[in-house]
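The values are calculated or read from the model by the stated rules, or taken from the named source; none is laboratory data. Predicted model only: the values in this text are computed from it and were never measured. Neighbour counts run over all protein chains shown; Cβ positions are idealised from the backbone, glycine included.
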Ligand code: HEC
Ligand code: HEC
């Protein structure tokens, strides 16, 4: 099957036939041309195109530029080294990064729960008050172009130091934390070795980010299918994949290697939890169209991290698919890319079966032994 470039003039795309139109309508166009917005009518037309189980297996490129994950790149100012990753791992698991020595990153981003916490909304520092938002996984975040549900952090380095200081998360005073860690000889030494200086907040962020860049999952059944093993998916899962890329319109937003367009959309998720009206991306841009818009999350490994959405309001993947099937919520600001899908009960089951194939091998992370304050005095 021929692939379509988003730069071709429209009349030529039309001439390339209905299946090509589908590619344009459901993702390829959006991904390659950046800001181009798919017109909902084109999407609706493309949804009528039939891909059969036979044609699916012959497609060498899937709509929405779906593809296996590439290798992680580290930024020039924070190259990944084995020692830095080891240090970052210690910091990620160390509760002493919090104001009361009790909350580590791993408390909420728990490796045993897909690096999330299984709660609708996390419990915050101290008195365990519910936070406003659900804890996203930190798996594969190296492929996010912005961090947090509202994208308020541009880099992983910048993101990592935010929860340490956030009053409702780890509640640490940066200066005090630097002093605390510098007083632990092994940390002092390790920072010296990795960064050539004592512990600083900036370097804490860099080390944690380097560790997080190793938290990549691989080889899900879907990845194996894309790499050419046409038996990696069952017939039901393939039916689900066809729905995902056509009738259900999911690749309008969940596209590319990490199944996200890295953009923000209001899909009409109803409010839940302490935040009565979480304005999402609007808080960052103050632009009307961003009201209650949230980042399209990657849905790789999605079976591992229920409940779902920025506020954890949907308990299961069945509920998620029901939600999309009925056309999202009733927010007046809802994206035109969300509309009633008309999926049958069987189709809904097929789609969920496909979503389960996105779970890959988890990175193996052993608990580190943390540096202790007490050392033998030198004689
Ligand atoms: C009290 C629970 C809690 C702790 C502790 C915590 N986080 Fe989070 N984390 C969250 C929540 C909730 C969010 C979503 C917040 C938002 O988007 O506004 C989040 C978001 C993130 C994200 C963004 C992921 C994405 O897909 O956008 C990263 C990365 C992250 N945390 C890493 C860390 C690191 C590193 C630490 C330790 C320094 C840490 N977290 C400590 C709860 C926690
Ligand atoms: C208009 C863009 C768009 C389309 C189309 C779309 N999604 Fe989403 N998806 C999002 C956004 C944005 C969120 C987060 C919304 C929120 O929390 O408010 C999300 C959240 C999800 C989640 C929960 C992820 C998590 O970590 O909690 C799943 C699962 C999901 N989508 C699957 C699908 C499926 C299946 C389809 C097709 C039926 C689909 N999406 C269509 C943008 C989209």
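Tabulated results
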read-out: Residue check for residue 268: surrounded by fewer than 23 Cβ atoms within 10 Å (Cβ to Cβ), touching a strand residue (DSSP E or B) at 6+ places or on another chain (Cβ under 7 Å) and under 24 Å from residue 322 (Cβ atoms); value: no
read-out: Enumerated helices (runs of 4 or more DSSP H) restricted to the stretch 108-207, each holding at least 1 residues that are at pLDDT 95 or above, within 30 Å of residue 270 (Cα to Cα) and in contact with a helix residue (DSSP H, G or I) (Cβ under 6 Å, 6 or more places away or on another chain); value: 156-165
read-out: Test: residue in the stretch 99-107 that is touching a residue at least 24 places away in the same chain (Cβ under 8 Å), in a helix (DSSP H, G or I) and either more than 16 Å from ligand 2 (Cβ to nearest atom) or closer than 25 Å to residue 175 by Cα (or both); value: yes
read-out: Residue match in the stretch 144-155 (condition: surrounded by 19 or more Cβ atoms within 10 Å (Cβ to Cβ) and more than 17 Å from the chain's Cα centre (by Cα)); value: no
read-out: Residue, nearest to ligand 2 (Cβ to nearest atom), within the stretch 318-367, restricted to residues that are assigned to a helix (DSSP H, G or I) and within 30 Å of residue 92 (Cα to Cα); value: 355
read-out: Residue in the stretch 296-314 that is more than 7 Å from ligand 2 (Cβ to nearest atom), more than 14 Å from residue 144 (Cβ to Cβ), free of Cβ contacts under 8 Å to residues at least 60 places away in the same chain and under 15 Å from the mean Cα position of the chain (by Cα) present; value: yes
read-out: Test result for residue 128, more than 7 Å from ligand 1 (Cβ to nearest atom), closer than 23 Å to residue 305 by Cα and either more than 15 Å from the chain's Cα centre (by Cα) or crowded, with 19+ Cβ neighbours inside 10 Å (or both); value: yes
read-out: Matching entry among 260, 251, 214 (being modelled with pLDDT of 95 or more, within 24 Å of residue 151 (Cα to Cα) and surrounded by fewer than 19 Cβ atoms within 10 Å (Cβ to Cβ)); value: 214
read-out: Test for residue 131: is it away from ligand 2 (no atom under 16 Å from the Cβ) and in contact with a strand residue (DSSP E or B) (Cβ under 8 Å, 6 or more places away or on another chain); value: no
read-out: Filter result for the condition that a residue is farther than 30 Å from residue 223 by Cβ and within 14 Å of ligand 1 (Cβ to nearest atom), over 293, 272; value: 272
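For every residue, the table says whether it meets (1) under 23 Å from the mean Cα position of the chain (by Cα); (2) closer than 28 Å to residue 123 by Cα.
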position	(1), (2)
272	yes, yes
276	no, yes
293	yes, yes
316	yes, yes
325	yes, no
335	yes, no
354	yes, no
